[in-house]
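Heads up: the structure comes next, in structure tokens.
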Amino acid sequence: MTITSGEIRGGVHVFPVRVYYEDTDVGGIVYYANYLKFAERARTELLRLVGFGQEEMFATYGVGFAVRNCEIDYRMPARLDDLLEVHSRMVELRGASLRTEQIIRRGGGDLVRLRLRVACMDREGRPARIPEPVMAALGQVTARQDDTAKT
């Protein structure tokens, strides 16, 4: 069995997610809060793919990421057994935070769009600068200015 962290395509991290029974309500539709879990998994695997697993980042640099703000737009429901893709990209990288956009898609159609502000935190829960190697690695999935106007 192969576990995948997804892949980077054209500056966007693409992470596959299968919808299981546990993700749905009695009607077979994905429960709204589970989209947040799908997006979290994708961000975790994005970090792993660019060389900085969450645990390693905390052990090496003493920092981790925490969601500060999330805006979510539910456009269409996903259903039991759907194969989804979570498309993630950084919209802005700053000293101690980043803005990311994630789109959950099925067959090319947008189901859910998330925009998040994520803060870098130290062991005591205070804001901390994103380590330079992590910042450089995240640059692989950072939108160009002209890309942000399209979404």
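The numbers here are math on the coordinates, done by the rules we state, and not lab data. In this text the structure is predicted, and so the values were computed from the model without any measurement. Glycine also receives a Cβ, built like all others from the backbone with ideal geometry; neighbour counts cover every protein chain displayed.
Please report how far the C-alpha centroid of the stretch 32-65 lies from that of the stretch 5-25, rounded to the nearest whole angstrom.
About 14 Å separates the Cα centre of the stretch 32-65 from the one of the stretch 5-25.
Which one of Gly95, Ala136, Gly51 is farthest out on the positive end of the charge dipole of the stretch 7-148, using unit charges on Cβ (Lys, Arg +1; Asp, Glu -1) and the Cα centre as origin?
Positive-end residue among those listed: Gly95.
For helix 34-49, report the angle its Cα long axis makes with the longest principal axis of the Cα atoms of the chain; keep it between 0 and 90° and round to the nearest 10°.
The helix 34-49 is inclined about 40 degrees to the chain.
What is the dipole size for the stretch 7-148, taken about its Cα centre, with +1 at each Lys and Arg Cβ and -1 at each Asp and Glu Cβ, in debye to the nearest 20? If you can, show how the numbers build up before the last one.
Values: 21 positive and 21 negative charges, 63 e Å.
Value, rounded to 20: 300 debye.
Tell me whether the stretch 1-139 comes out rounded, prolate or oblate; compute the Cα gyration tensor, take square roots of the eigenvalues as a ≥ b ≥ c, and use a/c under 1.5 as the rounded threshold. Before the final figure, lay out each step's value.
Values: a/c = 1.93, a/b = 1.78, b/c = 1.09.
Here the stretch 1-139 falls in the prolate category.
Estimate the FRET efficiency between Glu56 and Asp81 by the formula 1/(1 + (r/R0)^6), using the beta-carbon distance for r and 35 Å for R0, to the nearest 0.05. Before the final figure, lay out the partial values.
On the way: r = 34 Å, r/R0 = 0.96.
Efficiency at R0 = 35 Å is approximately 0.55.
Please compute the contact order of the chain in relative form: average sequence separation of alpha-carbon pairs under 8 Å and at least six residues apart, divided by the residue count, as a percent.
Values: 280 pairs, mean separation 39.4, N = 151.
Relative CO of the chain lands at 26 percent.
Gaussian network model of the chain, Cα springs within a sub-10 Å range: biggest mean-square fluctuation belongs to which of Arg115, Arg123, Arg48?
Arg123
Taking the simple approach of a point 7 Å from Cα along Cα-to-Cβ for both Arg129 and Glu92, what is their distance in nm?
2.0 nm
Can you tell me the length gained on complete extension of the stretch Gln140 to Tyr21, counting 0.36 nm per residue apart and subtracting the Cα distance?
Details: separation 119, 0.36 × 119 = 42.84 nm, distance 3.41 nm.
My answer for the length gained is 39.4 nm.
Using helices alone, what [θ] at 222 nm do you get for the chain, with -39,500 (n - 2.57) per DSSP H run of 4 or more residues, divided over all residues and rounded to the nearest 500?
Working: 4 runs with 35 residues, N = 151.
Computed mean residue ellipticity for the chain: -6500 deg cm²/dmol.
When the chain is fully extended, how far beyond the present Cα-Cα distance does Asn69 get from Arg9, taking 0.36 nm per residue of separation? Mind showing how you got there, number by number?
Numbers: separation 60, 0.36 × 60 = 21.60 nm, distance 2.61 nm.
Here the answer is 19.0 nm.
Through the Karplus equation 6.51 cos²θ - 1.76 cosθ + 1.60, θ set to phi - 60°, convert the phi angles of the stretch 93-110 into ³J(HN,Hα) values in whole Hz; use x for Gly and Pro.
10, 10, x, 10, 7, 8, 10, 10, 10, 10, 10, 9, 10, 10, x, x, x, 6
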